[in-house]
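Data first, discussion second: the structure below is written as structure tokens.
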Amino acid sequence: MEGLFLAFLVGGLICVIGQVLIDLTKLTPARIVVLFVVVGCILGGLGLYERLVEFAGAGATVPILGFGNLLARGVKQAVDERGLIGVITGGFTAMAGGVTVAVVFGFLAALVSSPGMKE
Amino acid sequence: MNATEQKKQKYAEMVKHASPRSTVLINSLKAFFVGGAICAAGQLIYNYIESLGFAREETGIIVAGILVASAALLTALRVYDKIAKFSGAGTIIPITGFANAIAAPAIEHKKEGLVLGVGAKMFLIAGPVIVYGTVTSVIVGLVYYFMR
């Protein structure tokens, strides 16, 4: 129960940061998403983001910052296992699951749904 | 002529002063509750999958898969974009927003064909995310390699 609350609280707050950036800066949502992934990856590289994951669970992994952290975690693990080769395989391997599901279901969505279609 | 323009400018300034603070607050609250709810849903799914006996890493992949697939489905049903209009960053920042950013332009550009429409346009926003994510991960990997 406490885990659910922490996920809600931390995840909600991360979204608020994004919303404030949208409202108060000229950054487009696309730029903010890119920024979050890069920041998440750097925080992950420094080993800082894992602490937030330990604390907030899905509240840290579900926001796109967590996607960046996943890349960092993947590349570090790959470097541990394969050295320099891991530098070029780690990030892509880590995002493979999420991206594949998004691409396959996005493709299916485009097949069954048309723009301007009434619900 | 000059007077009306001055009035216009004054009005624009007044609007600028009066609206942002309250809209930022309201938008932030919406983003907080919707974004928080998506993360809490993620935690619920996580707890359930973990209880089935999956390892931590596998559980993470399964949860992300379920969230991403659900968001693509809700995008196809035209539901996700309606929620997004209301909640702003609350639906953009979670990983579900990434799935929406792939599915929505794929649907929108369907008329341009399956290859250059659906195939290419699905990466309008996801492409930059993958590009900058990959480049950052290589830098992180290099630094980690030489410093570990």
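The values are calculated or read from the model by the stated rules, or taken from the named source; none is laboratory data. Given the structure is predicted, the values throughout are model-derived calculations rather than measurements. Cβ sites come from the backbone with ideal geometry, for glycine too, and all protein chains shown count toward neighbours.
Of note:
- Qualifying residue in the stretch B:48-65 (condition: charged (D, E, K, R), part of a helix (DSSP H, G or I) and within 15 Å of residue A:103 (Cβ to Cβ)): no
- Residue that is modelled with the lowest pLDDT [pool: residues in the stretch B:7-27 that are among the hydrophobic types (A, V, I, L, M, F, W, C) and more than 25 Å from the chain's Cα centre (by Cα)]: B:18
- Residue match in the stretch A:29-50 (condition: in a helix (DSSP H, G or I), charged (D, E, K, R) and either surrounded by fewer than 24 Cβ atoms within 10 Å (Cβ to Cβ) or more than 7 Å from every other protein chain (Cβ to nearest Cβ) (or both)): yes
- Inside the stretch A:62-119, residues that are modelled with pLDDT under 95 and among the charged types (D, E, K, R) make up a count of 2.
- Listed by first and then second residue, the pairs linking a residue in the stretch B:70-95 that is at the interface with chain A (Cβ under 8 Å from one of its Cβ atoms) to a residue that is crowded, with 17+ Cβ neighbours inside 10 Å and not in a helix (DSSP H, G or I), with Cβ atoms under 7 Å apart and 6 or more places separating them unless they lie on different chains, are B:76/A:113; B:93/A:63; B:94/A:62; B:94/A:63; B:95/A:62.
- Scanning the stretch B:39-60 for residues that are buried (at least 17 other Cβ atoms within 10 Å of the Cβ) and in contact with a helix residue (DSSP H, G or I) (Cβ under 6 Å, 6 or more places away or on another chain) returns B:39, B:40, B:42, B:43, B:45, B:46, B:49, B:59.
- From the list A:100, A:61, A:93, the one residue that fits, being without any contact (Cβ under 8 Å) to a residue 24 or more places away in the chain and within 12 Å of the chain's Cα centre (by Cα), is A:61.
- Every condition in (1) buried (at least 17 other Cβ atoms within 10 Å of the Cβ); (2) closer than 22 Å to residue A:83 by Cα is met by residue B:147 except one, and the failing one is (1).
- Selection over the stretch B:102-112 of residues that are at the interface with chain A (Cβ under 7 Å from one of its Cβ atoms) and touching a residue at least 24 places away in the same chain (Cβ under 8 Å) gives a count of 3.
- Subset of the stretch A:76-118 that is touching a helix residue (DSSP H, G or I) at 6+ places or on another chain (Cβ under 9 Å) and in a loop (DSSP other than H, G, I, E, B) - its residue that is nearest to residue A:61 (Cα to Cα): A:83
- If you filter the stretch B:72-125 down to residues that are in a helix (DSSP H, G or I) and basic (Lys, Arg), you find that the one that is farthest from residue B:41 (Cα to Cα) is B:111.
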